[in-house]
Amino acid sequence: MGQLDSQTAHADLRGVDHNAAPFCAPDVAVRAAAWKELRERCPVGRSDQYDGYWILSDHASVAEACRNGEIFSNRYEPDADDGINYIGENGYPRMDWPELAIGEAYGEHHSYLRRVFNPLFSPTAVRRFEPAMRQVASWVLDQRVEDGAMDLMNDFVTPVTAISTLLFLGLPADLWQDTADVYHSIFGMAPDTAEFTHTVEITMPRLMDAFLSAAKAARHDRAEELLGAIARLEYDGELMNDEQLTKVLTNMVGAGVDTTNNTTARGLHQLAADPALRAAVMADRRLIDATCEETLRMYPSAQVMTCTITQDVEFAGQQLRRGEPAVLSLSGANRDPKVFADPDVFHVERTSNRHLAFGRGVHRCLGAHVARQMFRVMVAEILDRVPDYVVDDAKVVEYGGNPYLMGVWSMPVTFTAAPQLGVKRPW
Ligand code: HEM
């Protein structure tokens, strides 16, 4: 396969399990070091765990696999008619999670979904929503700005992300707390806890029912442009049934909330930890965009994606076989020194930042412009109103044990208390 053919290396990754420590360590630096070691040892290699699977960890191979969805398929369909067991993009072995109605759609149906959605998520469409996002950020900060202390993650970043995402999609913003709880718990909590069980069995179904009712009500409502478009989606020439519609809504909200809040929290943490960077961004707000890209590169919240190889193919000097599973490390790719000089250093002035935090190819993140705009709005709000915030590093709690999504559970900060702006609740 093109330029990758020459990368012949031994492919032996026996004993490597991307679901185990150190690949799921809470500490970002530990994870990055683990992927670095693997990438240097063998960027495209085969593990013997879980009946065998490929692990891709350098930029060239991960980018090519994302681009070539015909061969590296996101599809989820166990024991499909063509004899392949499609594992989907959501983990190997797969977590207990229904099919992703967009992320794991394929072929003509996926093209149809993107034809409907792409214009509604374009930079122009997203920009129209910026004033509303600002109002959300200002209103949320108003609730804590007089206290001089808050949990940056749970009192600011997550509420702003959840409310903004719901408003953008046309869903009821009153559901923001359940929305935040569901995705924060599912991605951040160990499945054997009572809270996790409560989330999956009680909060999640309640939330999905509310999403579905709102979507069905918007079917004939031209005012709710995006939600109406979702509600009028078809499958095989018929309006989507309730189950299909719920899956689309779950995929849309789930993909957006716990990725954007974590990215923004990391960016704000980086600004707090690096006074020179904070001063530079304070002096020139245009640097917020570069801060966002570098945060996405160094701390991609989606760390790893999975896929299924659809045909025998020689790839990076290795013989891949039809039906084999593969794991793509966005984390490994984003710190590949062949593409990024000083990959472990946060360089806001990078001139080219071809990170893969949003994936690539036909499945490239639909909400990338929404996420970037939320990041921009939230960082500006904090720098404008509580610019001297300090993170209490000793009390930061990271998600533990999730190899697929890296996140922050809690990030306490202190700052000089400031007056409320008296912003009206945005919904
Ligand atoms: C910093 C925040 C975000 C990150 C890091 C992120 C990351 C990703 C990644 C890695 C993928 C898979 C790409 C691939 O398969 O090649 C993806 C897909 C997707 N994302 Fe995002 N995402 C973010 C925010 C959002 C937001 C805000 C939304 C919507 C409101 C969203 C909606 C989606 C959807 C619907 C897909 C599936 C696209 C498809 O398969 O065609 N994402 N995202």
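Close contacts from segment 290-306, counting a first residue that is touching a residue at least 12 places away in the same chain (Cβ under 8 Å) and more than 8 Å from the ligand (Cβ to nearest atom) and a second that is open to solvent by 10 Å² or more (accessible area, probe 1.4 Å) and of a type in the set (Asp, Glu), with Cβ to Cβ under 6 Å and a gap of 6+ residues or different chains, come to THR306/GLU89. Just one of the listed residues (LEU268, LEU287) is open to solvent by 30 Å² or more (accessible area, probe 1.4 Å), closer than 25 Å to ALA29 by Cβ and either within 16 Å of the ligand (Cβ to nearest atom) or out of contact with any Leu (no Cβ under 7 Å at 6 or more places or on another chain) (or both), and it is LEU287. Is it the case that some residue within segment 89-104 is more than 15 Å from the ligand (Cβ to nearest atom), open to solvent by 60 Å² or more (accessible area, probe 1.4 Å) and of a type in the set (A, V, I, L, M, F, W, C)? Within segment 89-104, one or more residues are more than 15 Å from the ligand (Cβ to nearest atom), open to solvent by 60 Å² or more (accessible area, probe 1.4 Å) and of a type in the set (A, V, I, L, M, F, W, C). Of the residues that make up segment 393-402, is at least one more than 16 Å from the ligand (Cβ to nearest atom), hydrophobic (A, V, I, L, M, F, W, C), at pLDDT 95 or above and farther than 24 Å from ASP274 by Cβ? No, the conditions are met nowhere in segment 393-402.
Regarding LEU113, is this residue hydrophobic (A, V, I, L, M, F, W, C), over 18 Å from the mean Cα position of the chain (by Cα), within 14 Å of the ligand (Cβ to nearest atom) and within 20 Å of GLN244 (Cα to Cα)? The answer is yes for LEU113.
Listed by position, the helices (runs of 4 or more DSSP H) inside segment 182-257 whose residues that are more than 30 Å from PRO26 (Cα to Cα) number at least 1 are 204-217, 225-231. Of the candidates ALA302, ALA316, ALA333, the single residue that is open to solvent by 20 Å² or more (accessible area, probe 1.4 Å), out of contact with any Gly (no Cβ under 7 Å at 6 or more places or on another chain), under 20 Å from GLY69 (Cβ atoms) and of a type in the set (A, V, I, L, M, F, W, C) is ALA302.
When segment 128-168 is limited to residues that are buried (at least 24 other Cβ atoms within 10 Å of the Cβ) and among the polar types (S, T, N, Q), the one that is nearest to the ligand (Cβ to nearest atom) turns out to be THR165.
Here GLY317, GLY359 are screened, and the one residue that is within 16 Å of the ligand (Cβ to nearest atom) and on the phi > 0 side of the Ramachandran plot is GLY359. Taking the numbered list (1) within 16 Å of the ligand (Cβ to nearest atom); (2) of a type outside the set (A, V, I, L, M); (3) under 15 Å from LEU141 (Cα atoms) in turn, ARG372 passes all entries but (3).
Of the residues making up segment 174-196, just one is open to solvent by less than 10 Å² (accessible area, probe 1.4 Å) and either among the aromatic types (Phe, Trp, Tyr) or under 18 Å from ARG128 (Cα atoms) (or both), namely TYR183.
Given the condition touching a residue at least 24 places away in the same chain (Cβ under 8 Å), of a type in the set (Phe, Trp, Tyr), in a strand (DSSP E or B) and under 30 Å from LEU249 (Cβ atoms), answer yes or no: does some residue in segment 60-83 qualify? Yes, segment 60-83 has at least one match. Screening ARG354, ARG425, ARG364 for residues that are within 13 Å of the ligand (Cβ to nearest atom), open to solvent by 50 Å² or more (accessible area, probe 1.4 Å) and within 30 Å of PRO131 (Cα to Cα) leaves exactly one candidate, ARG364. One residue stands out in segment 42-59 among those that are part of a helix (DSSP H, G or I) and in contact (Cβ under 8 Å) with a residue 12 or more places away in the chain: the one that is surrounded by the fewest Cβ atoms within 10 Å (Cβ to Cβ), namely TYR50.
The values are calculated or read from the model by the stated rules, or taken from the named source; none is laboratory data. Since we're looking at a predicted model, the values are computed, not measured. Cβ sites come from the backbone with ideal geometry, for glycine too, and all protein chains shown count toward neighbours. Surface areas here come from the heavy atoms of the whole protein model, side chains and all, with no ligands, DNA or RNA. Shrake-Rupley method; radii C 1.70, N 1.55, O 1.52, S 1.80 Å.
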